[in-house]
1. Criterion first (crowded, with 24+ Cβ neighbours inside 10 Å, assigned to a helix (DSSP H, G or I) and of a type in the set (S, T, N, Q)) does S258 satisfy it?
2. Based on this model, can you work out whether Q127 counts as in contact (Cβ under 8 Å) with a residue 12 or more places away in the chain, on the phi > 0 side of the Ramachandran plot and out of contact with any Cys (no Cβ under 9 Å at 6 or more places or on another chain)?
3. Quick one: what pairs do we get from segment 42-58, first residue assigned to a helix (DSSP H, G or I), second among the basic types (K, R), C-beta under 8 Å, 6+ apart or different chains?
4. What residue, of A21, A48, A94, A83, is among the hydrophobic types (A, V, I, L, M, F, W, C), surrounded by fewer than 23 Cβ atoms within 10 Å (Cβ to Cβ) and out of contact with any Gly (no Cβ under 7 Å at 6 or more places or on another chain)?
5. Look through A175, A153, A201 and report the one residue that is buried (at least 21 other Cβ atoms within 10 Å of the Cβ) and over 27 Å from F90 (Cβ atoms).
6. Anything in segment 333-380 that is touching a Lys or Arg at 6+ places or on another chain (Cβ under 8 Å) and crowded, with 20+ Cβ neighbours inside 10 Å? List them, or say none.
7. Please determine, by comparing only the residues of segment 158-204 that are in contact with a Leu (Cβ under 7 Å, 6 or more places away or on another chain) and of a type outside the set (A, V, I, L, M), which one is farthest from A285 (Cα to Cα).
8. Inside segment 250-271, can you point out the residues that are over 12 Å from the mean Cα position of the chain (by Cα) and closer than 20 Å to L282 by Cα?
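Nothing in this text is a laboratory measurement; each read-out follows from the coordinates by a stated rule. The shown structure was predicted, so the numbers you read here are calculated from the model rather than taken from an experiment. Note that each Cβ is placed from the backbone with ideal geometry, even for glycine, and that neighbours are counted across all protein chains shown.
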Amino acid sequence: MTNAFAFTTVPKVLFEAGSSARLAETAAPALKGAKRILFVTDEGVMGAGLAEAALAGLHGAGLDVLVFDRTIADPPDSTVLEAVTEGREFGAEAVIGFGGGSPMDTAKVVSVLLSGEQDLSTMYGVQQVTASRPPLILLPTTAGTGSEVTNVAVITTGATSKRGIAADPLYADMAILDADLTLGLPRHPTAYTGIDAMVHAIEAFTNRRAKNPVSDALALTALKLLHGSILKACEDGSDREARGDMLLGAMLAGQAFSNSPCAGVHAMAYPLGGMFHVPHGLSNAVVLPPVLRYNASVAEDQYAEISAHLGLKPGSAGLIEEMDRIAEAVGIERRLSQLGISHNDVPKMSEGVAANDRLLPNNPREMTYEAIVAMYEEIL
């Protein structure tokens, strides 16, 4: 008998190559008549010209647009508040997030802060957001985070700490997926984000508390798409079919983990980003193997099901070996020492992980401080 569950996602998704160039047209219903748009992105997206067509279309439709392009990786709360201040002064009536996970996370949090009904400090945790927000539309330029369809945003607070907000008001009114925006993304960012998406699906499928049949189906479909396309996209950045499969897979994984949340891998990855500014996808890729091995004793059946679904060697060993093979094939760093992290850093990192009461309860196997230390030391 299936246990009771609830499943929530964004009300509308558009998956269409070239759709970002017609943003004013495709987003019109979700904008709900808004005329003043806060466009949240980053300097990399603007410098690459990815937003030119979208912005030209918005201006051509007679909309007033304020571009905030100072978003950075692992967005600090100070950047979020700067965007809020500028958005309020501009009189923003809608928010568009255009970029990777950091611009989209920033856009989500900015949207619920614009009204001034609630302070950022009161939003961290699960379902703590009570503020209203204007229309919110998200367009990803990488295939990894799935942020365009999740109710999660991760913000850096203080010098190194990363805190999450998971609340339904962060679900966008519309997600627009244009694979053309990901064409030509360099090999390593493609690998980082693709492995990140695969981790989302794996953790959703093995969640101890919120596993459900809808997330399971989405996670397995996501893994099939991502597994079949990640190496192709890394080898040929212009392969539109592979890029489309990765973008769709990342979105499906996002829908899965938004309802069956991430766990130990992400908890162990966060200190790498917060303390050492390691890209999030790479952080996940580095810590994934020891967490998979640690969890295998209790998640064997679920890992074996994923292995069978992907046509791999039977059992958890098939999945573990394949994720190792993918990381090696794309040529990314595999050890903490390659990222400038030493044995002396492990205690502080482990303390941060052990205190993560949002993610650790989802892990299939309980993670003690001692176990966390041992897993980090395994990959030094």
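1. Values: crowded, with 24+ Cβ neighbours inside 10 Å: yes; assigned to a helix (DSSP H, G or I): yes; of a type in the set (S, T, N, Q): yes.
Considered against the rule, which asks whether it is crowded, with 24+ Cβ neighbours inside 10 Å, assigned to a helix (DSSP H, G or I) and of a type in the set (S, T, N, Q), S258 comes out as yes.
2. Details: in contact (Cβ under 8 Å) with a residue 12 or more places away in the chain: yes; on the phi > 0 side of the Ramachandran plot: yes; out of contact with any Cys (no Cβ under 9 Å at 6 or more places or on another chain): yes.
The answer is yes for Q127.
3. Hits for this filter: E43/R70; G57/R22.
4. Values: A21 fails: out of contact with any Gly (no Cβ under 7 Å at 6 or more places or on another chain); A94 fails: surrounded by fewer than 23 Cβ atoms within 10 Å (Cβ to Cβ); A83 fails: surrounded by fewer than 23 Cβ atoms within 10 Å (Cβ to Cβ).
Being among the hydrophobic types (A, V, I, L, M, F, W, C), surrounded by fewer than 23 Cβ atoms within 10 Å (Cβ to Cβ) and out of contact with any Gly (no Cβ under 7 Å at 6 or more places or on another chain) holds for just one of A21, A48, A94, A83, which is A48.
5. Details: A175 fails: over 27 Å from F90 (Cβ atoms); A153 fails: over 27 Å from F90 (Cβ atoms).
Only one candidate qualifies: A201.
6. N362, N363, P364
7. D173
8. The first filter runs over segment 250-271 and keeps only residues over 12 Å from the mean Cα position of the chain (by Cα), leaving 259-260, 263-265, 267-271.
Answer for segment 250-271, where residues must be over 12 Å from the mean Cα position of the chain (by Cα) and closer than 20 Å to L282 by Cα: A263, G264, V265, A267, M268, A269, Y270, P271.
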